[in-house]
Every structure is written in structure tokens, then in C-alpha cells.
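> Submitted below is the structure of interest, expressed as C-alpha cells.
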Amino acid sequence: MDDAEGFAAVFDAHFAEIHAYVAHRLGPDHAEDIVAETFLTAFRKRGHYDPARAGVRAWLYGIATNLIGKHRRLEARTLRALGRWGPEGDAPGHEDTVALRVSAQSLRPELAAALAELDRRDRDVLLLVALAGLSHDEIATALGIPYGTVGSRLSRARKKLRALLGEVVVHG
């Protein structure tokens, strides 16, 4: 990853999945900027990347998740909009309409509203499992938290979702 060609290969290999993850969380209008910032940050910090500590994929998801965290109000607003109007309704305002079109295919209104109620840290862990398919080890590395904390946050998120959704089984 030290040279431009090596980093270009990393970009090519991971751009689409990082973009999809960010688009699911913030909508397509914001995904482009966040993904660009993710790879720019990765390029700038490539000298600090330790392949023994994390795979490139987990490292990139960690950067993206941290950047999403800076936009947590937007994510919560998007999830609440999905909870109110669902995939079939039209939300007023361009941002809500775009967010609905992109995310409604993957989130039912009830689930979107419940996700908006989760603590950001618990939501990050849950969505890294659900949207990115990361393992507990990868999530711990990506977020810089202990392995056991991943399990507790995931368990807490699932428990709250079950309560909010009326005991619908939440897998991950």
C-alpha cells in the first residue's frame, strides 16, 4: 500500500462494498463524500496501517464507520424518515425522498425506526455485522474496541431491537 499503484488496487478491491455500506447508512448523496473521505484518510494514514493488526477491509470499514459517526444526526434522521413513511410512501423534502428510495429496499419502516432508537455505538456494531458481514474480530479491530465489547454491544442492540419490534428474531 505504500505506492500509488498498490493503493489503487486497494481502492478498486474495496470501493464498491464500502460505498454500499455508507449508502445504506447515510443515503447515496452523502455516500460519495464519505467514501472519498474514507479512502483519502486511508491514503494519508497508510504508513500507520499494520497488516498484522487488521485486514485492509476491516481497517477501511473502521475509517468509514468513524466518519459516519460524525454524521450520526443525518443517519438517525434518515432512519426516522424510513420509520415514518416506509418504502412505499413519499416523504416531503428531497433528502428524505432520496434516502427512502435507496434504503427502503433493505429496511422495513419498523426496523428503520428501531435502528434510529439504538445507541450509535451499538448501531455501528450491529450494522457492521448486518451490512458489511464483518466478524467480531474484524469489528473489534475496525472500531478499536475489545472483542468482548463487540459481543456486548451486539447483544444489547439485538435485545433492544427485539423489544422495539415485538420479539421479531434479529439475526446477525
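The values are calculated or read from the model by the stated rules, or taken from the named source; none is laboratory data. Because the structure is predicted, anything quoted here is derived from the model rather than measured. Side chains are part of the model used for accessible areas, which takes the heavy atoms of the whole protein and leaves out ligands, DNA and RNA. Shrake-Rupley method; radii C 1.70, N 1.55, O 1.52, S 1.80 Å.
> Given the protein chains as shown and a 1.4 Å probe, how many square angstrom of residue 61 are accessible, to the nearest 10?
0
> Follow-up. Given the protein chains as shown and a 1.4 Å probe, how many square angstrom of residue 80 are accessible, to the nearest 10?
Roughly 110 Å² of residue 80 is accessible to a 1.4 Å probe.
> Ignoring solvent entirely, what values of log10 I(q)/I(0) come out of the Debye formula for the stretch 1-63 at 0.12, 0.28 Å⁻¹ when each Cα is a single scatterer?
Per q value, in the given order, log10 I(q)/I(0) is -0.27, -1.28.
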